[in-house]
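A short worksheet on the structure shown next.
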Amino acid sequence: MTPIAALCAARAHSHYLTRLFAANPALAERIGDEASSPFTLAHMQEGFASLPANSEEALKHNLRKLRQRMMAHLITRDIGRLADLHEVVSTISLFAEFCVTTALAQLKPLLAHYGEPVGEESGEVQSLIVVGMGKLGGGELNVSSDIDLIFIYPEDGQTEGGTRRISNHEYFTLLGKKLIAALSEPTGDGFVFRVDMRLRPYGDSGPLVMSFAALENYLLSQGREWERYAWIKGKALTGDADGLNALIRPFVYRKYLDYNAYGAMRELYA
């Protein structure tokens, strides 16, 4: 099927596209021109760069507009049988990773008045590690998926170089909240992805962000069997992936298994 024929078929079968193209006729013409090939990282980078993101509200607006373009492109290719299942889930997963990394880079300067978070042991500047879990970590998102995230940072300490000092934990909590809002807060343009933070240690009752030391203590003392399996798909989208993997690997891949582990496996798959 040609891209134009695919676009006609998509418009005939998708109420979402009908409403979207009615509000933005230029988008329909654009999709007709570019739907002959998959929606790539280059499309995402070009699309975001073409929209000014000079404020938090502008960032939210632009990510949602870019999502509309991605969805229109993908729906057209999917209904027109130009894309297979692998392309669909890979494109959405790549887009989620792009939105997380791009939003984080745009939001960090908004906390510049606090300075940079510095580790109390290493003296090095710390970065937030955003971990994609579940379908995002496995590159298997579908069009209606939410994204499961966990926020980790390497070391406790305080911010330095700003007009006000706060702890690294406070700094990364603020940054994490801004990231969640940028992706999931409903606006007139909809949302980018719903964000689910319940896979983090202690679930909803736990802190939004956690240091390496706190995470290691949790895994050693309270980590449950289902968390071992969940972390198999964990993927660091930003920050120190090597440091996180070194911490998680002994928890996920134990040297020895006991009968309790076997029993937990049976319960999970019963």
Among Arg228, Arg224, the single one that is charged (D, E, K, R) and open to solvent by less than 80 Å² (accessible area, probe 1.4 Å) is Arg228
Note to self: Quick check on Ala270: is it aliphatic (A, V, I, L, M), assigned to a loop (DSSP other than H, G, I, E, B) and modelled with pLDDT under 95?
What the structure shows: yes
Item to check | Meets criteria (modelled with pLDDT of 90 or more, among the charged types (D, E, K, R), in contact with a Leu (Cβ under 7 Å, 6 or more places away or on another chain) and in a helix (DSSP H, G or I)) for Glu227 | outcome: no
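Answer with yes or no whether Ala6 is small (Gly, Ala, Ser), under 23 Å from the mean Cα position of the chain (by Cα), in a helix (DSSP H, G or I) and over 30 Å from Lys233 (Cα atoms).
Against the criterion (small (Gly, Ala, Ser), under 23 Å from the mean Cα position of the chain (by Cα), in a helix (DSSP H, G or I) and over 30 Å from Lys233 (Cα atoms)), Ala6 does not qualify.
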By residue number, the members of segment 116-138 that are surrounded by fewer than 21 Cβ atoms within 10 Å (Cβ to Cβ) and closer than 12 Å to Phe172 by Cα are Glu116, Val118, Ser127
| Any chance segment 208-219 includes a residue that's part of a loop (DSSP other than H, G, I, E, B) and small (Gly, Ala, Ser)? | no
When segment 202-211 is checked residue by residue, the ones that are open to solvent by less than 50 Å² (accessible area, probe 1.4 Å) and either touching a Gly at 6+ places or on another chain (Cβ under 7 Å) or free of Cβ contacts under 8 Å to residues at least 24 places away in the same chain (or both) are Gly203, Gly206, Leu208, Val209
(message) If I filter segment 185-192 for residues that are outside any loop (DSSP other than H, G, I, E, B), touching a residue at least 12 places away in the same chain (Cβ under 8 Å) and closer than 15 Å to Ile152 by Cα, do I get at least one hit?
(response) no
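Here is a yes/no grid of residues against (1) of a type in the set (S, T, N, Q); (2) in contact with a His (Cβ under 9 Å, 6 or more places away or on another chain); (3) at pLDDT 95 or above; (4) over 26 Å from Ser37 (Cα atoms):
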{"position": "Ala53", "(1), (2), (3), (4)": "no, yes, no, yes"}
{"position": "Val89", "(1), (2), (3), (4)": "no, no, yes, no"}
{"position": "Phe95", "(1), (2), (3), (4)": "no, no, yes, no"}
{"position": "Leu104", "(1), (2), (3), (4)": "no, no, yes, yes"}
{"position": "Lys135", "(1), (2), (3), (4)": "no, no, yes, no"}
{"position": "Ile150", "(1), (2), (3), (4)": "no, no, yes, yes"}
Matching residues in segment 72-85 (open to solvent by 20 Å² or more (accessible area, probe 1.4 Å), aliphatic (A, V, I, L, M) and in a helix (DSSP H, G or I)) number 3
Exactly one of Leu179, Leu141, Leu107 is assigned to a loop (DSSP other than H, G, I, E, B) and crowded, with 20+ Cβ neighbours inside 10 Å, and that one is Leu141
Checked against (1) β-branched (Val, Ile, Thr); (2) touching a helix residue (DSSP H, G or I) at 6+ places or on another chain (Cβ under 7 Å); (3) closer than 27 Å to Ser55 by Cβ, Thr91 satisfies every condition except (3)
All-but-one check, Ala42 against (1) touching a residue at least 60 places away in the same chain (Cβ under 8 Å); (2) under 20 Å from the mean Cα position of the chain (by Cα); (3) open to solvent by 30 Å² or more (accessible area, probe 1.4 Å), failing number (1)
Would segment 31-39 turn up any residue that is surrounded by 14 or more Cβ atoms within 10 Å (Cβ to Cβ), aliphatic (A, V, I, L, M) and more than 18 Å from the chain's Cα centre (by Cα)? yes
Screening Val100, Val88 for residues that are at negative phi and touching a strand residue (DSSP E or B) at 6+ places or on another chain (Cβ under 6 Å) leaves only Val100
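The values are calculated or read from the model by the stated rules, or taken from the named source; none is laboratory data. The structure displayed is predicted, hence computed values, not measured ones. Don't worry about glycine lacking a Cβ; one is built from the backbone with ideal geometry, like all the others, and counts go over all protein chains shown. Note: accessible area is taken over every heavy atom of the protein model, side chains too, but ligands, DNA and RNA are not part of it. Shrake-Rupley method; radii C 1.70, N 1.55, O 1.52, S 1.80 Å.
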